[in-house]
Amino acid sequence: MVKQLRWKRVPPLLLVTFSLLLPLPTDYGQAATPEEPPAAETPPSPLDASCREFHRLNSLLRDGNIPKEQARRELPRLLSRIKEEYFRENGKSFPRTDWLFPLRGYRATAVGDGPSHGYLPKGYDYYDGNRHGGHPSLDIFIHDRNQDDLDDRTGEPVAVLTITGGVVVSRETQWQEGSKLRGGKYLWLYDPSTDHLFYYAHLREVAVPVGRRVMPGEILGFVGRSGLNAHKKRSPTHLHLTCLSTTTPALLPENIYADLLRTRTVK
Ligand SMILES: [Zn+2]
């Protein structure tokens with residue numbers, strides 16, 4: 001049997017010192033506290049249930065296991081519902097002008113070069129899933145010459161931070177070498193306040209569950225080399241970042257390079 005702690009014997013000063021060591025929940029750039037699995041008798045909140053449903057449909061669409069027309073009908077409807085539930089459950093709004101750079105310790109100079117910065121939306125359709133065309137995305141490169149996922153300057157993994165607040169609506173944590181999945185380990189985050197869906201791909205690890213509400217700057221995971229092409233030697237280690245507008249059912253991509261130029265770096 002586990003012995004109970006005898007709190008009466010702990011001097012009060014020690015208790016105060018201990019409580020000061022606890023991390024502040026509002027600290028930007030800190031990892032989200034790991035969530036306990038909900039107790040069996042606690043039903044998921046409506047928001048939680050809708051996020052899980054989005055995750056289910058998004059994964060089916062990715063693998064071509066749901067008719068495109070059904071996905072075009074159901075996914076935008078689900079996003080409207082998530083938006084309503086997010087605000088009903090006291091979700092916060094975060095203005096676009098407060099967006100943060102998504103890699104800890106990096107800034108917009110890490111985004112790919114060239115006039116388009118890698119953003120090529122032609123031929124892209126979200127509803128094509130894993131087989132989509134185009135590259136409606138920005139690739140953000142880390143210092144990793146030996147391709148071990150670690151920052152050459154620190155020897156540590158690079159934290160992927162959420163640009164803005166919102167709720168995690170889908171993710172993939174099981175990618176393994178040999179899989180045809182292009183995004184590898186990834187995460188989709190919905191920001192109901194600015195009507196955007198963000199896709200963070202090629203991670204080495206995903207750190208937050210579906211349904212988790214996040215504040216700007218929270219850790220979503222770490223930069224990696226997961227994904228069909230990102231894993232190949234010719235690909236420098238990077239974060240693949242896509243931003244889709246949820247104001248129309250087509251979920252059209254948006255180039256957020258200009259926004260990233262204005263973002264603040266989280267140290
Ligand atoms: Zn990319």
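Laboratory data are not the source of any read-out in this text; all were calculated from the coordinates shown. Computed from a predicted model, the values in this text were never measured in an experiment. Quick reminder, even Gly has a Cβ in these numbers, built from the backbone with ideal geometry, and neighbours come from all protein chains shown.
Once the convex hull of all Cα atoms in segment 96-262 is built, its volume per residue stands at 112 Å³. Size descriptor for segment 111-150, Kirkwood hydrodynamic radius: 11.8 Å (Cα pairs only, one decimal).
With contacts taken as Cα pairs under 8 Å at a separation of at least 6 residues, segment 96-262 carries a relative contact order of 26 percent. Residue exposure proxy: 172, 85, 177, ordered by other Cβ atoms within 10 angstrom of their Cβ from fewest to most, comes out as 177, 85, 172. You can think of it this way: the chain between residue 233 and residue 250 has 2.7 nm of extra reach, that is 0.36 nm per residue less the Cα-Cα gap. A straight Cα-to-Cα reach below 17 Å connects residue 180 with the aspartates and glutamates 63, 128, 172, residues fewer than 8 places away in its own chain not being considered. Ranked by the mean number of other Cβ atoms within 10 Å of their residues, highest first, the peptides 238-245, 57-64, 126-133 come out as 238-245, 57-64, 126-133. Here the gap between residue 107 and residue 80, fully extended at 0.36 nm per residue and compared with their Cα-Cα distance, gives a gain of 6.5 nm.
Projected over every direction and averaged, the convex hull enclosing the alpha-carbon atoms of segment 200-267 yields 6.5 nm². Counting every other Cβ atom within 10 Å of each residue's Cβ, 154, 237 order from fewest to most as 154, 237. Each label point was placed 7 Å from the Cα along the Cα-to-Cβ direction; for residue 262 and residue 90 their separation is 3.0 nm. Applying a threshold of 30 Å to the alpha-carbon distances of 68/122; 122/233; 68/267; 83/232; 92/232 flags 68/267; 83/232; 92/232 as lying beyond it.
Sorting 160, 208 by the number of Cβ atoms found within 10 Å of their own Cβ, with the fewest placed first, yields 208, 160.
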